[in-house]
Each structure stands twice: as C-alpha cells, then as structure tokens.
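In what follows, a single structure is set out as structure tokens and then discussed.
The values are calculated or read from the model by the stated rules, or taken from the named source; none is laboratory data. Note that the structure is predicted; figures quoted are calculated from it, not measured. For neighbour counting, all protein chains shown are included, and Cβ atoms are generated from backbone atoms with ideal geometry for every residue, glycine included.
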Amino acid sequence: MRIVRPDAETSARMARIRQRDTKIEAVVASVLRDLGLHYRKNVRKLPGSPDFANRSKRWAVFVHGCFWHHHGGCHKATVPKSNRRFWLDKFRDNKRRDARSVRLLRKEGYRVVVIWECQEHRIRDKLAKILEPGGIYS
C-alpha cells in the first residue's frame, strides 16, 4: 500500500483538531459534576484509557469524535478523498480498538457509556444511566 503524504493545507487543518479537552468533553465533565459523580480523567490503567472513569464505582465514559471514531450514519463521519484506503483502514482499526476497550471494561464489571460528539443533546440522559444499578450502556 502506498501512503500519500497530505499537502500542507490538509496537514495544518488536521493539526488543529484537538485530541483532549474538547468542547464536548467539557460539557460531559459539567454534567457529571451536576449529577454528583466523581471521576478521574484519561485513566490509563483501564483498557482504552476512558475519558472519564470512577474505579471504585466501576463506571467509565468514552467521548468519541464522530470523525476519528467514524460514527455510523453521522454527517461528521466523512472519509477524506485523498489516501482513501489509508483512512478506511484507520477508521476500521479505531472502531475495533474501541469495541475491544468496551468489551474488556465490561468484562471487569464496569458500566460503560459512549458519548458521541454529535449527541450533545443526549448527554444528561446517557450519563444518568451510570447511576442505575447493574446497567451497562453505550
């Protein structure tokens, strides 16, 4: 497979995309505090390094960007036209890694919630599921 280097404009545009402390993560953090839930951010000792987690209460939250995690059916989950094969492989690998992380956390008894960037209006309802006993949600 031949990898084509992006042009300078594309490279600069991609570099501006934040990986941490995004707007949606700030909203999630605010809702978690409003619900009275205590958390740690980017817990590296857990599979997938969840964006928010409470190890004693056994819950984890992943906040996924629709582009990078390729949210099915979302208008933000586009595939760049140049180097298309590279991007399709990357998105496939990202989705596999995400699914593996959720599976491992659930195996350890964690309740897992996945918040998508485009679901800002559903954050409170999805996060409230953490408070329900015995539930596993995504």
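The residue pairs whose first member lies in region 63-82 and is in contact (Cβ under 8 Å) with a residue 40 or more places away in the chain and hydroxyl-bearing (Ser, Thr, Tyr), whose second member is surrounded by 13 or more Cβ atoms within 10 Å (Cβ to Cβ) and not in a loop (DSSP other than H, G, I, E, B), and whose beta carbons are closer than 9 Å, counting only pairs six or more residues apart or on different chains, are SER82/THR10.
The conditions of being within 27 Å of HIS38 (Cα to Cα), more than 14 Å from the chain's Cα centre (by Cα) and in contact (Cβ under 8 Å) with a residue 24 or more places away in the chain are met by GLY109.
If you go through region 77-92 one residue at a time, do you hit one that is under 25 Å from VAL43 (Cβ atoms) and among the β-branched types (Val, Ile, Thr)? No, region 77-92 contains no residue that is under 25 Å from VAL43 (Cβ atoms) and among the β-branched types (Val, Ile, Thr).
As a summary of the residue check, LYS76 satisfies the conditions (1) part of a loop (DSSP other than H, G, I, E, B); (2) out of contact with any helix residue (DSSP H, G or I) (no Cβ under 9 Å at 6 or more places or on another chain) except for the one numbered (2). Inclusion of ARG44 among residues that are part of a loop (DSSP other than H, G, I, E, B) and basic (Lys, Arg) is warranted. Considering region 84-111, and only residues there that are at pLDDT 95 or above and among the hydrophobic types (A, V, I, L, M, F, W, C), the residue that is farthest from SER56 (Cα to Cα) turns out to be ALA99. Quick one: would you say SER49 is outside any helix (DSSP H, G or I) and more than 22 Å from ALA26 (Cα to Cα)? The answer is no for SER49. Listed by first and then second residue, the pairs with beta-carbon distance under 9 Å, at least 6 apart or on different chains, first residue in region 83-104 and farther than 16 Å from HIS64 by Cβ and of a type in the set (Val, Ile, Thr), second modelled with pLDDT of 95 or more and buried (at least 16 other Cβ atoms within 10 Å of the Cβ), form an empty list. When you look at LYS95, is it surrounded by fewer than 17 Cβ atoms within 10 Å (Cβ to Cβ) and over 11 Å from the mean Cα position of the chain (by Cα), yes or no? Spelling it out, it is not the case that LYS95 is surrounded by fewer than 17 Cβ atoms within 10 Å (Cβ to Cβ) and over 11 Å from the mean Cα position of the chain (by Cα). Tallying residues that are in contact with a helix residue (DSSP H, G or I) (Cβ under 9 Å, 6 or more places away or on another chain), under 23 Å from ARG100 (Cα atoms) and in contact (Cβ under 8 Å) with a residue 24 or more places away in the chain within region 25-48 yields 4.
Every test in (1) at pLDDT below 95; (2) assigned to a helix (DSSP H, G or I) is passed by LYS81 save one, and that test is (2).
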